[in-house]
Amino acid sequence: MNTHLTQNETRVIGSLIEKEITTPDQYPLSLNALTNACNQKSNRDPVLNLDQSTVQETLDELSKKFFVNGKTSYGSRVEKYKHRFCNVGFGALEFTQQEQGIICTMFLRGPQTPGELRTHTHRLCQFSDVQEVEAALDHLMQRNDGPFVVKLPREPGKRESRFAHLFSGEVEIVATETIVEPSQSTNILSESSRIDQLEQEVKALREEIELLKELI
């Protein structure tokens, strides 16, 4: 997969896909409506504050990649935009409804666990349980034209691993630090003290032996 999208590009594409599904009567979106969608405070992580000129520049870049299309409707001078990112009949990317929901949600909210994805995709698609989410994620990782997502190392104290999309390049995986429980820390300190004490005793015995040798 050669696609490499910036954060602004994934936000624009994700917003267009989301609104196409959730508010079809208002789709395609004008520049103003798309800017508001990108800057929503709900269902977005991180929350952005893009101005219209930045969104327009992002649309221009995405148009060069054939991922969005803008046109004016009859009787209106306002240009409106729709995505051509996936499932448009003539593009290279085709996803199931569930796969598209996962990718869109990751574009808008970043890495998530299967449980979080099931919750956050409820307006875009339906999953009967977490296992169905995991099956869709497995397929996105194993597709011949992918992989499109990656499983991240489980964070300390978390029950589930998060998954991230790969449309912005390889995800930097930061090694998590090992957390030592207080009881473990105490045991380690006790063991260290015991070793120090033994070393001191051995040293004292060696000095006594050397002293006896001198007396003989």
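For the stretch 140-150, which residues satisfy the criterion of being surrounded by fewer than 16 Cβ atoms within 10 Å (Cβ to Cβ) and either closer than 14 Å to Pro114 by Cα or touching a Pro at 6+ places or on another chain (Cβ under 7 Å) (or both)?
Quick first cut of the stretch 140-150, residues surrounded by fewer than 16 Cβ atoms within 10 Å (Cβ to Cβ) only: 141-147.
Of everything in the stretch 140-150, just one residue is surrounded by fewer than 16 Cβ atoms within 10 Å (Cβ to Cβ) and either closer than 14 Å to Pro114 by Cα or touching a Pro at 6+ places or on another chain (Cβ under 7 Å) (or both), namely Met141.
With the condition kept exactly as written, say whether any residue in the stretch 29-50 is modelled with pLDDT of 95 or more, part of a strand (DSSP E or B) and surrounded by 19 or more Cβ atoms within 10 Å (Cβ to Cβ). Checked against the condition, which is being modelled with pLDDT of 95 or more, part of a strand (DSSP E or B) and surrounded by 19 or more Cβ atoms within 10 Å (Cβ to Cβ), the stretch 29-50 yields at least one hit. Within the stretch 1-60, the set of residues being basic (Lys, Arg) and more than 17 Å from the chain's Cα centre (by Cα) comprises Lys19, Lys41.
Considering only the stretch 96-110, state which residues are of a type outside the set (A, V, I, L, M, F, W, C), part of a helix (DSSP H, G or I) and within 17 Å of Glu20 (Cβ to Cβ).
Residues of the stretch 96-110 that are of a type outside the set (A, V, I, L, M, F, W, C), as a first pass: 96-101, 105, 109-110.
Going one step further and asking which of them are part of a helix (DSSP H, G or I), we end up with 97-101, 105, 109.
Across the stretch 96-110, the qualifying residues are Gln97, Gln98, Glu99, Gln100, Gly101, Thr105.
Within the stretch 111-162, work out how many residues are hydrophobic (A, V, I, L, M, F, W, C), under 28 Å from Asn2 (Cα atoms), free of Cβ contacts under 8 Å to residues at least 60 places away in the same chain and in a loop (DSSP other than H, G, I, E, B). Residues meeting the conditions: 2.
Of everything in the stretch 5-40, what is of a type outside the set (Lys, Arg) and in contact with a Cys (Cβ under 7 Å, 6 or more places away or on another chain)? Give them in sequence order. Working first, answer last.
Kept after step one, since they are of a type outside the set (Lys, Arg), are these residues of the stretch 5-40: 5-10, 12-18, 20-40.
Within the stretch 5-40, Val12, Gly14, Ser15, Ile17, Glu18 meet the criteria.
Among the residues of the stretch 82-95, none qualifies, meaning not one is assigned to a helix (DSSP H, G or I) and charged (D, E, K, R).
The values are calculated or read from the model by the stated rules, or taken from the named source; none is laboratory data. Quick caveat: nothing in here was measured; it's all calculated off a predicted structure. For neighbour counting, all protein chains shown are included, and Cβ atoms are generated from backbone atoms with ideal geometry for every residue, glycine included.
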